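The values are calculated or read from the model by the stated rules, or taken from the named source; none is laboratory data. These numbers were taken from a predicted model, which means no experiment stands behind them. When we count neighbours, we look across all protein chains shown, and the Cβ atoms used for this are built from the backbone with ideal geometry, even at glycine. The accessibility values were calculated without ligands, DNA or RNA, using every heavy atom of the protein model including side chains. Shrake-Rupley method; radii C 1.70, N 1.55, O 1.52, S 1.80 Å.
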Amino acid sequence: MTLAPRLLAETDAPAAAALHAKGFADGWSAASIATLIAEPSVFALGIDDAGTLIAFVLFQSAAGDTELLTIATDPVRRGEGHARRLIEAALAPLAAAGNSRLLLDVAEDNAPARHLYARLGFTLDGRRKGYYTAGRAAPVDALLMSRPLGG
């Protein structure tokens, strides 16, 4: 059975924050996630399994561009295609809202995410030297990537 993405509400923020903390050394707070979800410029999707949030993504749009702010999947559920499903589910609504490009940055040492983004049509635009430091012995570059939205 394929689990379908759904829109997140502010009430999902505590579960999203707990999930984010499992995947990131500098996890975001429930308050900051709730604030983002409440913003009209933010598009937030999640995937539940048996009533438990197992993956979510936050996008923010401005001036025709959309940035993937964060995406998290429960570490024990990685490799099941949830991140891909979340991003794919967002493409048409983001384009329909008038956005023409989807942007993101990813840690250079995050090979699974880089592979996913390449499979979804993202291309490398540049890098930020030493951008990622949390949970690492040495800073890692952020790779700046984008892909067009719509046709």
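Put a dot 7 Å past the Cα of Leu120, heading toward its Cβ, do the same for Ser41, and the two dots end up 2.0 nm apart. Give me the net charge of Gln60's neighbourhood, meaning all other residues with Cβ under 15 Å from the Cβ of Gln60; Lys, Arg count +1, Asp, Glu -1. Its environment carries a net charge of -3. Computed from point charges on the beta carbon alone (+1 for Lys and Arg, -1 for Asp and Glu), the dipole magnitude for the stretch 1-131 about its Cα centre is near 360 Debye.
Once both labels are positioned 7 Å from their Cα atoms along Cα-to-Cβ, the gap between Thr133 and Ser32 label points is 1.5 nm.
Charge tally around Ala16: other residues with Cβ under 13 Å, Lys/Arg +1 each, Asp/Glu -1 each, net -2.
Surface exposure of the chain, expressed per residue as accessible area with a 1.4 Å probe, stands at 51 Å². Placing R0 at 35 angstrom, the Cβ-Cβ distance between Arg101 and Ala50 gives a FRET efficiency of 0.45 after rounding to 0.05. Quarter the surface of the alpha carbon convex hull of the chain and you get the mean projected area, 9.0 square nanometres.
The mean sequence distance of close C-alpha pairs (under 8 Å, at least 6 residues apart), as a share of the length of the chain, puts its relative contact order at 19 percent.
Rounded to two decimals, what is Rg over Rh for the stretch 44-128 when you use alpha-carbon atoms and the Kirkwood radius? Rg divided by Rh gives 0.96. With a cut-off of 15 Å between beta carbons, the residues surrounding Gly121 carry a summed charge of +3, where Lys and Arg count +1 and Asp and Glu -1. Of the solvent-accessible surface of the chain, computed with a 1.4 Å probe and all protein chains present, 55% belongs to carbon and sulfur. Hull volume per residue, based on the alpha-carbon atoms of the stretch 13-64 and their convex hull, is 84 Å³.
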